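K.L.:
Below is one structure. I have some questions about it.
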Amino acid sequence: MHMQLLRNDKVVMFDRTDFGPSNLPLSDGRCRFDSTDTALQVDCTAHSLLYDIHTNTFRPLMVQTDVWCSSGAVLPDGTLIQTGGYNDGDHVVRTFTPCDDDNCDWLEFPNYLSERRWYATNQILTDGRVIIAGGRRQYNYEFYPRNLDDVENTHSLNFLKETRDQEENNLYPFLHLLPDGNLFIFANTRSISLDYNRNRVVREFPSIAGGNPRNYPSSGSSVLLPLDETEGGAVDAEVMVCGGAPRGAFSRAAQGSFVRASSTCGRLKVNEENPKWAMEKMPMARVMGDMLLLPTGDVIIINGAESGTAGWEDGRDPVTRPVVYRPSREVNRRFSVMDPSSRPRMYHSSAVLLTDGRVLVGGSNPHKYYNFTGVDYPTDLSLEAYSPPYLSPEYTSVQPRILSASDVLGYQESFSITFAVSEYFSSSFVSVTMVAPSFTTHSFGMNQRMVVLKVEGVQPVASDTYTLSVVGPSKAEIAPPGYYMLFVVHADIPSYGKWVKIQK
């Protein structure tokens, strides 16, 4: 249900704790004790694990409180901060700090949150804080860590109340940190720019065309398109929202009628004087799809269904073919349909980008309880990796390999990258991108963002080996402090990513 790639190439995954036992026992005879759990008060099985990409192995983790439909972000030091959930977990903050051995596990802080956070969204901010916005019947936001000088940590946001309808289509609102430091918030069909420090709505944008809601349970997805610093000066910010389900689809699914999902995407240039949504049509309708930024600046849309909505038993017609969207191409030439997966990935599936350029996909449970037999779409406990076209063996000769690069980057500071390309190198087709890994759940990759860095020059240093001089991101509003995957892209083929840390 929830996935986060960490700076050591391990992925934390977790699911709700109130379903009864899982298929993975806890190690060393540990057990979870919860006298209020209606399913199993003594549970010696794991509901979280740590997956090692390089060894294809995993180990169980102990999560004590219910993480069902929670949210997360990675702090500047690489620690995953995880907030809210259900039942005994709805006011809890949990942290997981990566380690080189097998001794790290979840730490939990009960009653840290001021409000119940179930279906809320997190976003890392310029100063390293995390904003936690919304949730079921929560029309407000708060911060982690708390400001000790702030008597009231909760701040009302009437916009979330205004966008709620009878189906609560504003759950898991889409949040994106903008280059001007304000926060873009999209809920249902509407969006605003929020100055969260002054609790002031700076701007309201036009409603997305078509009138169909895009947030849970309609469950479209959204990305902030790459922030390009190659030209210097002000950076344009453009938000993209794709898929979802028509208004009323959730109620109709409960009656056994599964309406076709939305097939539209909208792009909004938020810093234009008179911004308008530019609409496009996907090759197929999709609800519950995950949108991820690829190292090339393209967007992959993967997982989901063609009919129905998010919710128990509410999706039909799985969409097994990913599509790749290329933002810089001409309209009507931007979508490419990829080869299908053999496994439906619908409600409660998830996906994250890995440093090797693949997309890790896992899960799918459209049922109230785990159900492995006798249903159209059984609960799926498997993982698989999707390899985008740039990983095809035919591109090996032009794929760059990073040989060395700085581990720590500073704002506006130059640094160098040494890389190799075995054949057909052209300095005219080299770029450098960095991607913040997403916390992905319920069709939204929280905190993901891409920055295209300014390249000052390329110099040959040996046979098939070159050095790039690159300028770090201009400010924290473009790239908040923390860990990023750094890629060299040559002729639209990315290298494997290298972890770098941006610090003030």
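K.L.:
Let me check against my output: what whole-number percent is the relative contact order of region 369-504, with C-alpha pairs under 8 Å and at least 6 apart? Provide the component values of the computation, followed by the final result.
P.N.:
Numbers: 271 pairs, mean separation 39.7, N = 136.
Relative contact order for region 369-504 comes out at 29 percent.
K.L.:
Can you list residues from other chains, or at least 5 along the same chain, whose modelled amide H is less than 5 Å from the amide H of VAL74?
P.N.:
Counting only residues 5 or more places away or on other chains, the set is ILE81.
K.L.:
Please report how far the C-alpha centroid of region 1-79 lies from that of region 295-349, rounded to the nearest whole angstrom.
P.N.:
27
K.L.:
Still on this structure, please answer the following. Counting other Cβ atoms within 10 Å of each Cβ, which chymotrypsin sites (Phe, Trp or Tyr not before Pro) in region 377-476 have at most 15 and sit in a DSSP loop?
P.N.:
On the way: sites: TYR386, TYR390, TYR395, TYR411, PHE415, PHE419, TYR424, PHE425, PHE429, PHE439, PHE444, TYR466; in loops: TYR411, TYR424, PHE425.
Those satisfying the criteria are TYR424.
K.L.:
How many angstrom separate the Cα center of region 391-463 from the Cα center of region 168-202?
P.N.:
Computed from Cα coordinates, the inter-centre distance equals 30 Å.
K.L.:
Keeping every protein chain in place, order ASP15, ASP66, ASP88 by accessible area at 1.4 Å, biggest value first, i.e. largest first. Mind showing how you got there, number by number?
P.N.:
Working: ASP15 35, ASP66 0, ASP88 55 Å².
The residues order as ASP88, ASP15, ASP66, largest area first.
K.L.:
Net charge within 13 Å of GLU423 by Cβ-Cβ distance, Lys/Arg positive one each and Asp/Glu negative one each, not counting GLU423 itself?
P.N.:
Numbers: positive: ARG401; negative: GLU394, ASP464.
Counting the neighbours of GLU423, the net charge comes to -1.
K.L.:
Once amide H atoms are placed 1.01 Å from N in the peptide plane, what residues at a sequence separation of 5 or more from HIS367, or on another chain, have their amide H within under 5 Å of its amide H?
P.N.:
Distant-sequence amide H within range of HIS367: GLU313.
K.L.:
Whose amide H sits under 5 Å from the amide H of TRP106, counting only residues 5 or more places off or on another chain, with H placed in the peptide plane?
P.N.:
Result for TRP106 returns MET62.
K.L.:
Calculate, in nm to one decimal, what ASN274 and THR373 gain on full extension: separation in residues at 0.36 nm each, minus their alpha carbon distance.
P.N.:
Details: separation 99, 0.36 × 99 = 35.64 nm, distance 5.30 nm.
Working it through step by step, the gained length comes to 30.3 nm.
K.L.:
To continue, here is another question. Please list, in order along region 365-380, the HN-Hα scalar couplings obtained from phi with the Karplus expression 6.51 cos²θ - 1.76 cosθ + 1.60 (θ = phi - 60°), rounded to whole Hz, x for Gly and Pro.
P.N.:
8, x, 10, 4, 10, 4, 9, 9, 9, x, 9, 5, 10, x, 4, 10
K.L.:
Whole-Hz ³J(HN,Hα) for each residue in region 182-192, computed from phi via Karplus 6.51 cos²θ - 1.76 cosθ + 1.60 with θ = phi - 60°, x for glycine and proline: what do you get?
P.N.:
7, 10, 7, 10, 10, 9, 6, 10, 10, 8, 9
K.L.:
Using DSSP to define loop residues, name the GluC sites (Glu not before Pro) in region 187-232 whose beta-carbon has at most 10 other beta-carbon atoms within 10 Å.
P.N.:
On the way: sites: GLU204, GLU229, GLU231; in loops: GLU229, GLU231.
Listed in order of number, the matching sites are GLU231.
K.L.:
Can you work out ³J(HN,Hα) from phi for every residue in region 13-30, in order, using Karplus 6.51 cos²θ - 1.76 cosθ + 1.60 and θ = phi - 60°, giving whole Hz and x for Gly and Pro?
P.N.:
Values per residue, Gly and Pro as x: 10, 7, 9, 5, 9, 9, 9, x, x, 9, 8, 10, x, 5, 8, 6, x, 6 Hz.
K.L.:
Grab the other residues whose beta carbon is less than 9 angstrom from that of ILE208, score K and R as +1, D and E as -1, and report the net. It would help to have the intermediate numbers written out before the result.
P.N.:
Working: positive: ARG190, ARG214; negative: none.
My count for the surroundings of ILE208 gives +2.
K.L.:
May I ask which of LYS161/LYS504; LYS161/LYS269; LYS269/LYS475; LYS161/LYS276; LYS276/LYS475; LYS281/LYS368 have a Cα-Cα span longer than 29 Å here?
P.N.:
Values: LYS161/LYS504 36 Å; LYS161/LYS269 25 Å; LYS269/LYS475 20 Å; LYS161/LYS276 24 Å; LYS276/LYS475 27 Å; LYS281/LYS368 33 Å.
Cα-Cα > 29 Å for LYS161/LYS504; LYS281/LYS368; rest within.
K.L.:
Still on this structure, I have one more. Given R₀ = 25 Å, what would the calculated FRET efficiency be for ARG252 paired with GLN41, taking r from the Cβ atoms and rounding to 0.05? Don't skip to the answer; put the middle values down first.
P.N.:
Details: r = 38 Å, r/R0 = 1.51.
Result of the calculation: an efficiency of 0.10.
The values are calculated or read from the model by the stated rules, or taken from the named source; none is laboratory data. Keep in mind the model is a prediction, meaning the values are calculated, not measured. FYI the Cβ positions are ideal-geometry reconstructions off the backbone, even for glycines, and counts take in every protein chain you see. Only protein heavy atoms, including side chains, enter the accessible area calculation; ligands, DNA and RNA are left aside. Shrake-Rupley method; radii C 1.70, N 1.55, O 1.52, S 1.80 Å.
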